[in-house]
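Take a look at the structure below.
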């Protein structure tokens with residue numbers, strides 16, 4: 001089965017309300033006061049309070065992370081390749097998380113008048129009411145657009161024109177697909193190396209206290225959770241069926257997923273996990289450069 005039959009290209013475009021604005025009057029005043037040239041600097045004011053969009057951004061970032069977690073980079077235009085086997089669960093999670101994001105957007109819009117009153121005080125003479133969209137306009141400033149496209153296939157390219165060499169274009173398409181497909185494996189090695197290395201570094205610091213110091217419990221459950229999340233999708237993300245990725249995934253699953261509390265409270269588990277992480281990193285270093 002070729003890669004076109006088992007994957008798709010997913011793009012996400014996030015649209016957000018403008019949060020800053022250059023103030024030319026204040027910029028000119030500052031430069032003139034300092035006897036500086038016009039290009040010396042500029043003043044950008046924050047239209048909304050620091051944490052006004054915190055929950056909206058948090059919900060947006062969670063959606064972005066979901067997309068990244070279930071896919072690999074594809075080219076340089078922001079597209080990512082996703083295995084068809086992961087699309088159903090991704091879509092279900094996306095719909096739920098988008099609903100949460102829309103709730104936060106609605107809350108932000110409903111606070112419009114309060115946010116403007118706060119801005120009048122915070123910005124003082126820099127306040128400009130014309131910079132704040134109406135409630136209806138605000139609703140149009142927030143959007144998440146998801147695009148799904150097939151992976152290109154040179155053999156499906158057909159066009160008849162005297163000045164176009166279709167065979168050359170087919171070759172270019174297939175060559176590009178082959179190159180980008182090989183980059184998938186490189187990305188998976190890097191991601192796996194990243195979470196394993198993070199665990200190794202954290203546990204090594206704790207080991208320096210011999211498991212008895214105050215730093216013993218100084219890690220979050222996500223130290224293990226991030227590894228769990230990755231290995232749960234790696235078999236599907238491994239579109240090239242790379243045997244080293246498959247083998248390492250199984251090694252990590254067997255040796256680096258203790259219960260967080262067990263890792264905190266049992267010194268032997270802590271020691272064994274740290275040593276296993278180190279051994280897996282050594283194993284990965286043998287072929288990271290050629291992945």
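The values are calculated or read from the model by the stated rules, or taken from the named source; none is laboratory data. Just so it is clear, the model here is predicted, and its values are computed rather than measured. Here Cβ is always computed from backbone atoms with ideal geometry, including for glycine, and neighbour counts include all displayed protein chains.
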Checklist outcome for this item: Flagged pairs (Cβ under 6 angstrom, 6 or more apart or on separate chains; first in the stretch 241-259, in contact (Cβ under 8 Å) with a residue 40 or more places away in the chain and not assigned by TED's automatic domain parsing to the domain that holds residue 282; second surrounded by fewer than 16 Cβ atoms within 10 Å (Cβ to Cβ) and in a helix (DSSP H, G or I)) are none
Item to check | Where a residue in the stretch 201-222 is more than 10 Å from residue 264 (Cα to Cα) and its partner, wherever it lies, is surrounded by 12 or more Cβ atoms within 10 Å (Cβ to Cβ) and modelled with pLDDT under 55, with Cβ under 6 Å and at least six apart | outcome: 209/215
Checklist entry - Looking at (1) in a helix (DSSP H, G or I); (2) at pLDDT 90 or above; (3) more than 15 Å from residue 273 (Cα to Cα), which is the one condition that is false for residue 199? => result (3)
Checklist entry - With 105, 56, 146 as the choices, which residue is outside any helix (DSSP H, G or I) and touching a residue at least 12 places away in the same chain (Cβ under 8 Å)? => result 146
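Take residue 62 and decide whether it is closer than 30 Å to residue 128 by Cα and not assigned by TED's automatic domain parsing to the domain that holds residue 191. Step through it out loud before you land on a result.
Values: closer than 30 Å to residue 128 by Cα: no; not assigned by TED's automatic domain parsing to the domain that holds residue 191: yes.
When the stated conditions are applied, residue 62 does not pass them.
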Next on the checklist: Here is a check on your reading of the model: is residue 144 modelled with pLDDT of 95 or more, under 24 Å from residue 21 (Cβ atoms), under 30 Å from the mean Cα position of the chain (by Cα) and assigned by TED's automatic domain parsing to the domain that holds residue 11?
Outcome noted: yes
